[in-house]
Amino acid sequence: MLVVKIELWPKGDKSKAETIGVLTIANDGTGSTGSGNYDCALSHSGKYFGKAGVWKTGRVVDHNRKLSPYHLVLKCLENALSR
């Protein structure tokens, strides 16, 4: 599982970091050696927190595992935010 956190650092002060969003990417185990299938979930937190739990979900199918993890993050965001 991959977890991507979005943090706000007020005035660049890391000691006051506040998580305002989380992207969770879970491999569903149905892929192959070369490609994977993933379920994605977006959640808000901190001052952007709306209701508890997942805000939006998405799915990435047949992702090439040789690509940078940033490609998977992009695909998850595109898929979840387009719903």
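The values are calculated or read from the model by the stated rules, or taken from the named source; none is laboratory data. Only a predicted model underlies this, so the values are computations on that prediction, with no experimental measurement involved. Don't worry about glycine lacking a Cβ; one is built from the backbone with ideal geometry, like all the others, and counts go over all protein chains shown.
Just checking, does segment 20-29 include any residue being buried (at least 16 other Cβ atoms within 10 Å of the Cβ), more than 11 Å from the chain's Cα centre (by Cα) and of a type in the set (A, V, I, L, M, F, W, C)?
Among the residues of segment 20-29, not one is buried (at least 16 other Cβ atoms within 10 Å of the Cβ), more than 11 Å from the chain's Cα centre (by Cα) and of a type in the set (A, V, I, L, M, F, W, C), which makes the answer no.
Determine which single condition residue 70 fails, assuming it passes every other condition in (1) more than 11 Å from the chain's Cα centre (by Cα); (2) free of Cβ contacts under 8 Å to residues at least 12 places away in the same chain.
(1)
Sort out which residues of segment 27-50 are on the phi > 0 side of the Ramachandran plot and either part of a loop (DSSP other than H, G, I, E, B) or at pLDDT 95 or above (or both), and write them in order of number.
Across segment 27-50, the qualifying residue is only 29.
Being free of Cβ contacts under 8 Å to residues at least 40 places away in the same chain, of a type in the set (Phe, Trp, Tyr) and closer than 16 Å to residue 5 by Cβ: is that true of residue 38 here? Explain how you work it out, then say what you get.
Values: free of Cβ contacts under 8 Å to residues at least 40 places away in the same chain: yes; of a type in the set (Phe, Trp, Tyr): yes; closer than 16 Å to residue 5 by Cβ: no.
No; evaluated as a whole, the condition is false for this residue.
Hey, does segment 47-62 have a residue that's surrounded by fewer than 14 Cβ atoms within 10 Å (Cβ to Cβ) and in contact with an Asp or Glu (Cβ under 9 Å, 6 or more places away or on another chain)?
yes
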